[in-house]
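**Student:** To start, I am sharing the structure in question, which I have written as structure tokens.
All of the numbers you see were taken from the coordinates with simple rules; none came from a lab. Just so it is clear, the model here is predicted, and its values are computed rather than measured. Neighbour counts run over all protein chains shown; Cβ positions are idealised from the backbone, glycine included.
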Amino acid sequence: TYIYRVLKQVHPDTGISKKGMSIMNSFINDIFERIALEASKLCRYSKKKTLSSREIHT
């Protein structure tokens, strides 16, 4: 998985258990879900279909 590849790039000698990987996967999915929700709200507020860096910075 992507998390494992990043871990190996940053700390090549470190491993992670299946349970640890499952927790990290759930964490990342939760973060992306929250980002998507906020992006959706920003689109609604700005009445646009796409976001630019301007909407994100304000």
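**Student:** Read through the list (1) in a loop (DSSP other than H, G, I, E, B); (2) surrounded by fewer than 11 Cβ atoms within 10 Å (Cβ to Cβ), then give the number of the only condition that Arg54 fails.
**Tutor:** In the conditions (1) in a loop (DSSP other than H, G, I, E, B); (2) surrounded by fewer than 11 Cβ atoms within 10 Å (Cβ to Cβ), Arg54 misses (1) alone.
**Student:** What number of residues in the range 1-31 are within 30 Å of Glu55 (Cβ to Cβ) and surrounded by 10 or more Cβ atoms within 10 Å (Cβ to Cβ)?
**Tutor:** Initial filter on the range 1-31 (within 30 Å of Glu55 (Cβ to Cβ)): 2-3, 6, 24-31.
If we keep only those that are surrounded by 10 or more Cβ atoms within 10 Å (Cβ to Cβ) too, we end up with 3, 6, 24-31.
Looking only at that region, the number is 10.
**Student:** When residues of the range 11-51 are filtered for being assigned to a helix (DSSP H, G or I) and within 18 Å of the chain's Cα centre (by Cα), how many remain?
**Tutor:** Residues of the range 11-51 assigned to a helix (DSSP H, G or I): 18-46.
Add one more test, that the residue is within 18 Å of the chain's Cα centre (by Cα), and what stays is 20-42.
Residues flagged as assigned to a helix (DSSP H, G or I) and within 18 Å of the chain's Cα centre (by Cα) within the range 11-51 amount to 23.
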